[in-house]
Amino acid sequence: MEVYLVGGAVRDRLLGLPVRERDWVVVGARPEELERQGYLPVGKEFPVFLHPDTREEYALARVERKVGPGYRGFTTQFSPDVTLEEDLKRRDLTINAMAEDLDGGLIDPFNGQADLDVRVLRHVSDAFVEDPVRILRVARFAARFASLGFTVAEQTRELMKRIVAAGEVNALVPERVWKETLRALSESRPDMYFETLRDCGALAVIFPEVAALFGVPQPAQWHPEIDTGVHVMMALRLAAKMNVPVAVRFAVLVHDLGKALTPREKWPAHHGHEQLGIEPIEALCARLKVPTQLRDLGVIVSRFHTHAHRALELKPATVLKLFEETDAFRRPERFADFLSACECDARGRLGLEERDYSQADYLRAAFAAAQAVTLSESEKQGLAGSAYGDKLRARRLVALEDSKRTGGSLTKDADA
C-alpha cells in the first residue's frame, strides 16, 4: 500500500500559499485493508476514508468512465491495480494533478508545476469535456487565482465551449451549481467566476438573469462604464476588495437584475428597475436553492438601493419608512449589510471606485438615533394596541428630524 498527498495541498504549497486541507490517495489497497487499520469509511459512491487520528480524507486510487449525461453520468473503477498516474489523469486541471510521496518527492506527470510557473489553468486531458462541473471549477479557480495572474488556457476555453454546446451544462444539479458559486463568491476575484462562465457561454444557461445585463446601457452621467453587466462585475470586485460577507456579495450580484426588464425604448433610463428586479431574484434563488437569508437581502437591496443613494434628499418620514420596510429595528445586522451592498453599487463604477459614500454614514447615524428612542414606563401607561407603536414611531420621527438638521450636506446621486 502506497500513500500520496494530492491535489490542492500540493498546489498551494508550491505557490507558497497556506494549505487549507490535505487529501490523500491510496494506491495498491482494498477497502477492507484500510478498515482493518481503523480508517472510517465515508464515501458513498467510491471508497473514501477518514484517518483514525487526523480525520483527513484518504481515497483509493480510481478511474472513471463516462456512461451518461451530466456529472453523475460516470462509473467508477477502483482496485489495487489502478496506478497513481491513472488516478491523477482523471482530475480537472494540471495544477490539481500533482502528488507528493511521503518523503516530499513531487510526482507531476502532466506538468502542473510548469503551468503554475506560467500562471495557466489548463485541462489534464480531453476527458475534461465529459464532466460539466469542470466548467464551474475552472471558473472558481479563476476567481481564486486571478489576483496571482492566472488565466485559462486557450485550449481549455475551447473545451469549455464544447461542453456548453453539447448541452452538458443543462444536466448540472442546482445544489452543485450553488456550492461552487458560494465558494467562488468567497474568493478574492468573484467577478472572474462569472466572467469565465460568460466567456464559454455557460452564464446564459446557469445565470440567465445575470447574463441578460451585459449590453444593457445606463446613463453615462451616473455610470461612466455604461454597460450594466460591466457595472455589476465592478461592484462585485469592489465587494471582495472591501471584504464584505458573502451575503452582501450575492446581493451586489443581483441588485440590478431589473434593468434587463425595463422598457427598451426608455433606455438608458431604468425607472422602476428596483421593483422589477424582485421577480428574477426570486426565480434565480428558487432554481439554485439559494439560502433564504441571501435571497431576502438581495430583494431588499434591489428594492431600496436608490433610496440609500438619495439619503439626504429623503424626508425624515421616508427615512423612517425605509428602516421599517427593511425591518432594520429587528434586523440591524442585515441593515448594515444592506448599506455595505449600496456602497459597493455606488462605488463600483468606472473612475468612481474611490468616491466617498457619505450616504451610508448619514443613514447609520439616523438609524442609531431612531433606534435609541424609548418610552418611559410612565409614558407606556394607558397605551394599548397600536397606540404604543404610534407613540414610539412619532418619537423616532422627531429623532430623525433632529438627525436631518445635523446631517450636513451631500452631493446628489442617482441610479437611473
* Asked: Within the bounds of the range 366-378, is there any residue that is out of contact with any Asp or Glu (no Cβ under 9 Å at 6 or more places or on another chain), surrounded by fewer than 16 Cβ atoms within 10 Å (Cβ to Cβ) and charged (D, E, K, R)?
  -> yes
* Can you find a residue in the range 322-339 that is surrounded by fewer than 19 Cβ atoms within 10 Å (Cβ to Cβ), in contact with a strand residue (DSSP E or B) (Cβ under 9 Å, 6 or more places away or on another chain) and in contact (Cβ under 8 Å) with a residue 40 or more places away in the chain? -> no
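Given the options P52, P18, name the one that is under 30 Å from D117 (Cα atoms), at pLDDT 90 or above and part of a loop (DSSP other than H, G, I, E, B).
Values: P52 fails: under 30 Å from D117 (Cα atoms).
Exactly one of P52, P18 is under 30 Å from D117 (Cα atoms), at pLDDT 90 or above and part of a loop (DSSP other than H, G, I, E, B), namely P18.
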* Asked: Hey, any hits in the range 341-355 for a residue that's crowded, with 18+ Cβ neighbours inside 10 Å, within 22 Å of S403 (Cα to Cα) and in contact (Cβ under 8 Å) with a residue 40 or more places away in the chain?
  -> yes
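Give, as residue ranges, the helices (runs of 4 or more DSSP H) completely inside the range 203-288 that count at least 3 residues that are under 21 Å from the mean Cα position of the chain (by Cα). Before you say what the answer is, go through the steps one by one.
On the way: elements: 203-206, 208-211, 228-241, 246-254, 273-276, 278-288.
Helices (runs of 4 or more DSSP H) meeting the threshold: 203-206, 208-211, 228-241, 246-254, 278-288.
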* To do: Scan K241, K259, K289 and give me the residue that is farther than 15 Å from D345 by Cβ and charged (D, E, K, R).
  => K289
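Can you tell me which residue is surrounded by the fewest Cβ atoms within 10 Å (Cβ to Cβ) among those in the range 139-166 that are within 20 Å of E187 (Cβ to Cβ) and touching a His at 6+ places or on another chain (Cβ under 8 Å)?
A153
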* Verdict on R331 being under 26 Å from the mean Cα position of the chain (by Cα) and at pLDDT below 95 -> no
* To do: Exactly one condition in (1) on the phi > 0 side of the Ramachandran plot; (2) polar (S, T, N, Q); (3) surrounded by 18 or more Cβ atoms within 10 Å (Cβ to Cβ) is not met by S302; state its number.
  => (1)
* **the range 179-217 - residue that is over 16 Å from M233 (Cβ atoms) and of a type in the set (K, R) and, of those, surrounded by the fewest Cβ atoms within 10 Å (Cβ to Cβ)** => K179
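The values are calculated or read from the model by the stated rules, or taken from the named source; none is laboratory data. Keep in mind the model is a prediction, meaning the values are calculated, not measured. Cβ: placed from backbone, ideal geometry, glycine included. Neighbour counts: every protein chain shown.
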